[in-house]
1. So Glu331 passes all but one of these: (1) in contact with a strand residue (DSSP E or B) (Cβ under 6 Å, 6 or more places away or on another chain); (2) open to solvent by 10 Å² or more (accessible area, probe 1.4 Å). Which condition number does it fail?
2. Taking the range 373-419 only, how many residues are outside any strand (DSSP E or B) and open to solvent by 20 Å² or more (accessible area, probe 1.4 Å)?
3. May I ask you to list the residues in the range 71-99 that are out of contact with any Gly (no Cβ under 8 Å at 6 or more places or on another chain), modelled with pLDDT of 90 or more and not hydrophobic (A, V, I, L, M, F, W, C)?
4. How about the range 213-244: which of its residues are more than 13 Å from the ligand (Cβ to nearest atom) and under 19 Å from the mean Cα position of the chain (by Cα)?
5. Search the range 115-124 for residues being surrounded by fewer than 20 Cβ atoms within 10 Å (Cβ to Cβ) and touching a helix residue (DSSP H, G or I) at 6+ places or on another chain (Cβ under 9 Å), and hand back the single one that is modelled with the lowest pLDDT.
6. State all residues of the range 31-50 that are touching a strand residue (DSSP E or B) at 6+ places or on another chain (Cβ under 7 Å) and charged (D, E, K, R); if no residue qualifies, say none.
7. Only one of (1) within 16 Å of the ligand (Cβ to nearest atom); (2) under 30 Å from Ala385 (Cα atoms); (3) of a type outside the set (Phe, Trp, Tyr); (4) more than 17 Å from the chain's Cα centre (by Cα) fails for Ser19. Which number is that?
8. Can you name the number of the only condition in (1) within 16 Å of the ligand (Cβ to nearest atom); (2) under 15 Å from Tyr241 (Cα atoms) that Glu403 fails?
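The values are calculated or read from the model by the stated rules, or taken from the named source; none is laboratory data. Not measured: the values here are computed from a predicted model. FYI the Cβ positions are ideal-geometry reconstructions off the backbone, even for glycines, and counts take in every protein chain you see. All accessible areas refer to the heavy atoms of the entire protein, side chains included, with ligands and DNA or RNA removed. Shrake-Rupley method; radii C 1.70, N 1.55, O 1.52, S 1.80 Å.
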Amino acid sequence: MQKLEIKGGRKISGTITISGSKNATLPILAATILTNKKVIIKNVPIVHDVETMTTLLSAIGSSVKLNKRKKIIEIINNNALKTFAPYNLLKTMRAGVLVLGPLLAKYRKAKVSLPGGCSIGQRPIDLHLKALKKMGARIKVKNGYIVASAKKGLKGCLIKFPKISVGATENILIASCFSKGKTKLRNCASEPEVQDLINFLKKLGCKINKVGKRSIDVFGVKKLKSTTHRVIFDRIEAGTYIIAAALTNGDTKITNINPKIMSTEINLLNKMKVKIIKKKNYIIVTSPKKMKSINVITKPYPGFPTDLQAQLMVLMTRAEGISTIKENIFENRFMHVSELRRMGAHIQILGNKAKIYGGSKLYGAEIMATDLRASVCLVLAGLVAKGKTILNRIYHLDRGYEEIENKLSNCGAKIKRLK
Ligand code: EPZ
């Protein structure tokens with residue numbers, strides 16, 4: 001199994017170009033099921049989850065060409081697709097369940113594996129299924145599969161999500177594009193990745209109106225067009241590298257981004273005394289030797305993202321005083337804490353709250369990654385720790401960070417993959 005070796009204590013200074021967003025690419029790929037016309041998707045990150053989604057689309061019959069060098073995916077659905085998404089492709093990536101909505105809407109039936117377990121929480125998909133049922137689908141869960149049918153097609157209706165869910169909003173949004181009549185979606189997720197999916201669907205010819213911050217109206221259509229779409233930047237990757245620069249007292253340009261989309265994160269880092277100069281499509285990060293402690297609660301967008309919680313926690317170990325984090329989205333997203341403690345961090349956990357005592361020195365150690373963001377938080381800890389850190393199970397990292405070793409070592413980090 002591959003490992004990363006990091007020798008800590010080097011500044012991250014230079015320029016880091018941010019890749020396209022994994023969490024925007026995945027629903028867009030699922031949405032291509034709706035059209036039979038050619039679709040070109042640009043700026044896709046070359047990470048394992050994206051490759052798993054392209055494998056899933058190929059397995060159901062899409063013709064998918066992934067040009068890794070150009071970061072472009074070309075898709076055409078010449079023939080009717082299979083409506084079966086097997087376990088072996090959903091066990092490693094929960095976003096595979098996003099094919100349920102489009103398959104059911106287009107082919108009126110689908111058999112999709114329930115996603116595999118997840119280390120950050122239970123992550124049920126009840127909101128997806130309840131909404132599809134309200135749209136007229138019959139759904140059974142049998143032998144680990146969701147077996148869904150809608151003989152007369154899905155029907156538009158009012159769906160008020162009882163809880164804000166990115167995945168449920170995306171799945172139902174895609175499904176409603178091919179439903180009969182008007183679907184009113186309320187209490188939707190408003191993440192930039194959802195907006196990017198809306199932009200893509202509109203280019204395909206879907207009739208979607210955002211009628212409020214969390215309200216979307218969709219008018220069903222029957223046929224779609226060909227289109228080209230450029231995926232938005234990965235705001236979580238950008239946030240991760242901003243933290244890397246701040247953590248190591250670097251002076252770093254983070255480019256290929258839109259800082260307006262990240263104002264919550266930028267304002268919060270400013271409160272910690274991290275200096276960020278904002279330009280149209282890049283920012284420059286410098287950090288003072290002394291940072292201030294802060295209190296943070298993770299929330300749906302535009303709140304502070306759960307996907308940056310672990311990374312921020314490492315920065316908090318460098319601040320003066322006690323910082324706190326309340327993790328509001330997932331019930332088990334403090335798995336990195338025990339590894340950070342092994343590196344010397346002083347952190348207390350009480351339920352979904354973490355108390356981070358600033359000023360403790362981190363030391364290199366052999367540590368283990370448990371999920372994508374926990375992995376990258378441990379990479380950050382390794383960058384600032386004294387001595388050598390060996391990070392095991394880095395396959396989690398490869399699911400969502402494109403060329404992380406190159407991006408960091410180009411900016412001065414001593415990091416290499418041990419095979
Ligand atoms: C998306 O997951 C992201 N994944 C996650 O990114 C991200 O952490 C999460 O949104 C929250 O921002 C992708 O976009 C591919 P949710 P998703 O449905 O859609 C509960 C990463 O590291 N819920 O918004 O699965 C759920 O348990 C990751 O890149 C239900 O109760 O998240 C959670 O508490 C991991 N029932 C909350 O809602 C449902 O049917 C929000 O989850 C669905 C969700």
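1. Result: Glu331 fails condition (1) only.
2. 15
3. The answer is Glu74, Thr83, Pro86, Asn88, Gly96.
4. His229, Arg230, Phe233, Ala238, Tyr241, Ile242, Ile243, Ala244 - these are the residues of the range 213-244 that are more than 13 Å from the ligand (Cβ to nearest atom) and under 19 Å from the mean Cα position of the chain (by Cα).
5. Top of the filtered list is Cys118.
6. Passing the criteria: Lys38, Lys42.
7. Failing condition for Ser19: (4).
8. (1)
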